[in-house]
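Just below is one structure, and these are the notes that go with it.
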Amino acid sequence: MELTGSASAETAAKDSFIDLKSDVVVRVLRVDVGELSLEDLDDRVEVLARARSQIEGQLAEVLAERAQRSSPRAASAVLRERVLESAGRASSDVKLAVSLSEQFPATLEALAAGEITSSHARVIDRVAGKPDYRSEEVILGAAKGVPADLLSRYALRWERVEERDYTKYEQQRQDRRASISQEPDGSWKLFAHFDYMAGRRVSMALAKMAEAFRRDENPDSKITYLQRNADALKQLITRDGPQRATQASLLIISEYDASTGELSQPRLDDGQPVPPEELERLLANADVYTAFADADGQPLWLGRSQRSASLAQRIVLAARDGGCIGCNAPSERCEAHHIQHWQDDGPTDIPNLAQLCPGCHHLVHDCNWQVCQNHRGRLQINAPPDPFPDTGTTTYQLAQHSPVLRN
């Protein structure tokens, strides 16, 4: 893909040019993707995605300059009127462009060079330099090596919890908001933005209710994960359905000093510090577990005596993995996966278990992704060198997903 200054209409037609303006031409070299090997398809995805990032970076530079010369509203109007972009998306794109231009020029330069994606840029714009997060320079360096959905965690500073303040939590509390709006076709759309404590509790309540719906579903039903979530959310809000989910429990991890009887470094399993006022309220009705022993009949090593992980094991996994090892989904949406599969004599022991969300669990069971350790010793999943061995074809379609993912 390349950008050229100008070309005649005849040349544009011959070379499959997209003529946006008489003096600006974007050329996409088309190929028959059906003739490409799997490796060539992957290479083309990477090349086109990088080209997309370059164009998005250059568009951001133009939008920022347009906003500076007049106003962000005027720049948004150009996107809406000339590109037919939605008002919300146009406003969001201009806001990001202005912020990158004024506060994060290195990020804008990296985006225009195709080194990061617009999703990375949005994460940096949201967190760089804020309480509990590192600087733009450090986060940008991490962005060039990790997926955008994991970047926020890499951007966190890892000081001891008691050395932090809770400015981030307090700011998120101030920024909390929710809205409901009706779409042109009559359907409704919900939006909510919570602080990390409230959001985690809502996420766990939704997961519990969705699980109650799943238990009562007909095995032959075609209900999707997102449809089930919608049903569960409606039930939680209106309380006018048949399902009654059990109470969700919030996992808080803390060190205990036996000599003083005090707790220190209280945090969620994803590392977010628990504010003192929240901790005091939650401890009033808390069940306490030790994560290092099985003294109360909660065995952490079950061997081959039991296939499903116990409650104590799930707590330890949440504390160790902090969510899905593949995509960082919260623990309440994860399943305990046997690294050495149960059917291959894998034991139900902590070293042989890992947290995987349903989507990543399918990647492991259906697409041959592998659980391994990274250089920090943390578990992750990696795509296999050849995801579809011995198929005799360059394309592949899953026959079906594993009906039960308990291995």
**Request:** Under 13 Å from the Cβ of Asp195, count the other residues' Cβ atoms, weight Lys and Arg +1, Asp and Glu -1, and hand me the total.
**Result:** +1
**Asked** With every protein chain kept in the model, how would you rank Glu262, Glu136 by accessible area, 1.4 Å probe, largest at the top?
**Response** Glu262, Glu136
**Request:** Over segment 65-174, with every protein chain in place, what whole percent of the accessible area is carbon and sulfur at 1.4 Å, could you tell me?
**Result:** 47 percent
**Fill in**
With the 1.4 Å probe rolled over protein heavy atoms, segment 308-372 has an accessible area per residue in Å² of 35 Å²
**Asked** Under 14 Å from a point 7 Å along the Cα-to-Cβ line of Ile223: which residues of segment 230-254 have their amide N that close?
**Response** 230-236, 241-245
**Prompt:** Is there a pair in Lys144/Lys234; Lys95/Lys222; Lys168/Lys208 whose C-alpha atoms are over 30 Å apart, and which pairs would that be?
**Reply:** Lys144/Lys234; Lys95/Lys222
**Message:** At 1.4 Å probe size, with the rest of the protein present, what percent of the exposed accessible area of segment 300-377 is carbon and sulfur atoms?
**Reply:** 51 percent
**Asked** Going by a ≥ b ≥ c, the root eigenvalues of the Cα gyration tensor, does segment 83-209 fall in the rounded group (a/c under 1.5), the prolate group (a/b larger than b/c) or the oblate group?
**Response** oblate
**Complete:** Residue span His362 to Val146: 0.36 nm per residue of separation minus Cα-Cα distance leaves a gain in nm of 75.6 nm
**Item:** Probe 1.4 Å - accessible area at Phe191, Å² to nearest ten
**Value:** 100 Å²
**Item:** List Trp369, Trp342, ordered by accessible area with a 1.4 Å probe, largest first
**Value:** Trp369, Trp342
**Fill in**
Result for segment 104-194: accessible area per residue, probe 1.4 angstrom, in square angstrom, of 59 Å²
**Message:** Quick check: residue separation of Arg30 and Arg376 times 0.36 nm, minus the Cα distance between them. What number comes out in nm?
**Reply:** 120.4 nm
**Prompt:** In segment 215-256, what percent of the accessible surface is made up of carbon and sulfur (1.4 Å probe, ligands and nucleic acids excluded)?
**Reply:** 52 percent
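The values are calculated or read from the model by the stated rules, or taken from the named source; none is laboratory data. Nothing here was measured: the structure is a model prediction, and the numbers come from that model. Cβ coordinates were reconstructed from backbone atoms using ideal geometry, including for glycine residues, and neighbour counts include every protein chain displayed. Remember, those area values only see protein heavy atoms, side chains included, never the ligands or the DNA or RNA. Shrake-Rupley method; radii C 1.70, N 1.55, O 1.52, S 1.80 Å.
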